[in-house]
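Undergrad: Attaching a single structure in structure tokens format; questions to follow.
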Amino acid sequence: MPYFIEGILIILMIFCFCVGIAIICQFARFWYENKNKTVKAEVEKTKIYYVQETKPAPKPKKKKRRKKVDVALKGVVLTPEQFEIITAENKQK
């Protein structure tokens with residue numbers, strides 16, 4: 001039969017063994033969580049962009065400009081004012 005002191009030392013040894021196992025389990029858990037957090041943080045920081053080829057936006061068609069009469073033909077081509085004068089003269093006749 002163990003002496004009283006040996007009994008206390010055995011109980012103390014069992015208690016320390018259990019506390020040591022608990023501390024090792026806690027460190028293992030913290031290490032595992034920290035390892036997973038860094039991987040998740042890297043995944044969350046990474047942004048993925050999906051690029052699609054699209055047709056370019058249709059450009060508006062340019063309006064066609066009317067060509068102005070050259071200065072050389074200014075006397076030959078009738079302007080609206082001249083046309084009104086000619087029609088007024090025809091009505092008076």
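The values are calculated or read from the model by the stated rules, or taken from the named source; none is laboratory data. Model, not experiment: these values are computed from the prediction. Ideal geometry is used to build each Cβ from the backbone, glycine not excepted, and the neighbour counts take in all protein chains shown. For accessibility, only protein heavy atoms count, side chains too; no ligands or nucleic acids. Shrake-Rupley method; radii C 1.70, N 1.55, O 1.52, S 1.80 Å.
Undergrad: Mind checking which residues of region 67-81 are modelled with pLDDT of 70 or more and surrounded by 10 or more Cβ atoms within 10 Å (Cβ to Cβ)?
TA: If the condition is that a residue be modelled with pLDDT of 70 or more and surrounded by 10 or more Cβ atoms within 10 Å (Cβ to Cβ), then Thr79 is the only one that fits.
Undergrad: Determine which single condition Ile14 fails, assuming it passes every other condition in (1) open to solvent by 100 Å² or more (accessible area, probe 1.4 Å); (2) modelled with pLDDT of 80 or more; (3) of a type in the set (A, V, I, L, M, F, W, C).
TA: Unmet condition: (1).
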